[in-house]
Amino acid sequence: MFTSVLMIEQPLTTVDVDFVTTLHGDDPVSFVVLMRPRGDQDRLLRAIDDVALGELPEAIHEGEEPEGEAARGPAAHALAHSLNALRQKGANATGQIIGDHPLDKLKAVVDETGADEVIVLTAPHFVEEFFHRDWASRARHKVGVPVLKLFAHNE
């Protein structure tokens, strides 16, 4: 069985689930989903990304989004939704919320599970991507398996 570690920051949409569950054709895939709650250190970068995407109302409301401990509840709900959606497509799926040091946790999960790949599924982060500080760029230097970066869809 092929094992993928899937790093997400928002609930998987139907399109996302369809895509990741069909990446390897008919081969059975097991997913370990790592959900990262929003952090207050990301607020400015999220606002810049919103402006770059022309989503000014979202940029204005970034300060209203729950962060830190307050974001754990919504993150747990998003993780449960995502795991359920993957299981409904017939995939084996487990997951956990990750806190501080997400790349260290990613490396540990890849090592523990013997994962074949990492899929980073996030919204576009223009500033971080430009400076190669996004999760996928940083993970490529840390995990020792192929890292695929995909942009999440909105429903």
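The values are calculated or read from the model by the stated rules, or taken from the named source; none is laboratory data. What you are looking at is a predicted structure, and each value in this text was computed from that prediction instead of being measured. Please note: Cβ atoms are built from the backbone with ideal geometry, for glycine as well, and neighbour counts cover all protein chains shown. What goes into the accessible areas is simple: the full protein's heavy atoms, side chains included, and nothing from ligands, DNA or RNA. Shrake-Rupley method; radii C 1.70, N 1.55, O 1.52, S 1.80 Å.
Side notes on the structure shown:
- Here the label points at residue 77 and residue 97, each 7 Å from Cα along the C-beta direction, are separated by 1.2 nm in the simple model.
- Close amide H pairs (under 5 Å, H built 1.01 Å from N) link residue 119 with 5, 6, 7, 148, residues at least 5 positions away or on another chain.
- On full extension, the segment bounded by residue 140 and residue 23 gains 40.2 nm, given 0.36 nm per residue less the C-alpha separation.
- Per-residue SASA remark: residue 81, around 90 Å² accessible (1.4 Å probe; ligands, DNA and RNA not included).
- Cross-link partners of residue 142 among lysines (Cα-Cα below 21 Å; sequence separation of 8 or more within a chain): 105, 107
- Model label sites at residue 151 and residue 104, defined 7 Å from Cα along the beta-carbon direction, differ in position by 3.3 nm.
- Pairwise label distance in nanometres, residue 14 with residue 123, each label 7 Å out on the Cα-Cβ vector: 2.2 nm
- Length added when fully stretched, residue 116-residue 84, from 0.36 nm per residue minus Cα-Cα: 9.3 nm
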